[in-house]
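To start, the structure itself, in structure tokens.
The values are calculated or read from the model by the stated rules, or taken from the named source; none is laboratory data. All values derive from a computational prediction rather than experimental measurement. Here the Cβ is made from the backbone with ideal geometry for all residues, glycine too, and neighbour counts use every protein chain on show. Please note that ligands, DNA and RNA were not included when accessible areas were found on the heavy atoms of the full protein model with its side chains. Shrake-Rupley method; radii C 1.70, N 1.55, O 1.52, S 1.80 Å.
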Amino acid sequence: QVQPVESGGGLVQAGDSLRLSCAASGLTFKLYAMGWFRQAPGKEREFVAAITWTSGVTVYAESVQGRFTISRDAAKNTVHLQMNSLKPEETAVYYCATSRTPGITNAMNYNYWGQGTRVRVSS
């Protein structure tokens, strides 16, 4: 059973930083990428960032470009999301997911999802 498990969420103030991690256990297929998505209350889930597993190519949503950094530890099947200069509107549940295929900004191309970790940014 493939199970991504997120950690690192919490309550921070606007402008603060937070680092999320996600470890994917039980992998039975070759990873193409891992990604982060978020879902704010009353809103749809949206793409945040992703990284391809073999080459380490990164992709970011325009709204986080320059503030967030995604990285991976391929040996541990772990991905991290360093979030700087957080904004109150980025309060959401952040989800990690695994992908076997390209098109890594599209949630439909991810096959296993974690339970999410909550991030709250106070103003």
Check: Can you pull out the GluC sites (Glu not before Pro) in the stretch 33-123 that DSSP calls coil and that have at most 10 other Cβ atoms within 10 Å?
Finding: 44, 62
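Keeping all protein chains in place, calculate the accessible area per residue for the chain (probe 1.4 angstrom), answer in Å².
Numbers: 6360 Å² over 123 residues.
Dividing the accessible area of the chain by its residue count gives 52 Å².
Leaving out ligands, DNA and RNA, and with a 1.4 Å probe, what % of the accessible surface on the stretch 1-109 is carbon or sulfur?
Answer for the stretch 1-109 is 48 percent, counting heavy atoms of protein chains only.
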Next item on the list: Loop sites only, by DSSP: take the trypsin sites (Lys or Arg not before Pro) in the chain that have at most 10 other C-beta atoms within 10 Å and name the longest stretch containing none of them.
Entry: 44-123
Next item on the list: Would you mind calculating the gained length between residue 54 and residue 89 on full extension (0.36 nm times residue separation, minus the Cα-Cα distance), in nm to one decimal?
Entry: 9.3 nm
Notebook entry, point to check: Across every pair of different alpha-carbon atoms, what Kirkwood hydrodynamic radius in Å does the stretch 36-123 reach?
Noted result: 13.4 Å
Next item on the list: Note the full-extension length gain between residue 62 and residue 122 as 0.36 nm times their separation in residues minus their Cα-Cα distance, in nm to one decimal.
Entry: 19.4 nm
Check: How high is the relative contact order of the chain, in percent, counting Cα pairs under 8 Å that sit 6 or more residues apart?
Finding: 36 percent
Next item on the list: Take the Cα of residue 108, step 7 Å along the line toward its Cβ, and report every residue of the stretch 1-42 whose backbone nitrogen sits under 13 Å from that point.
Entry: none
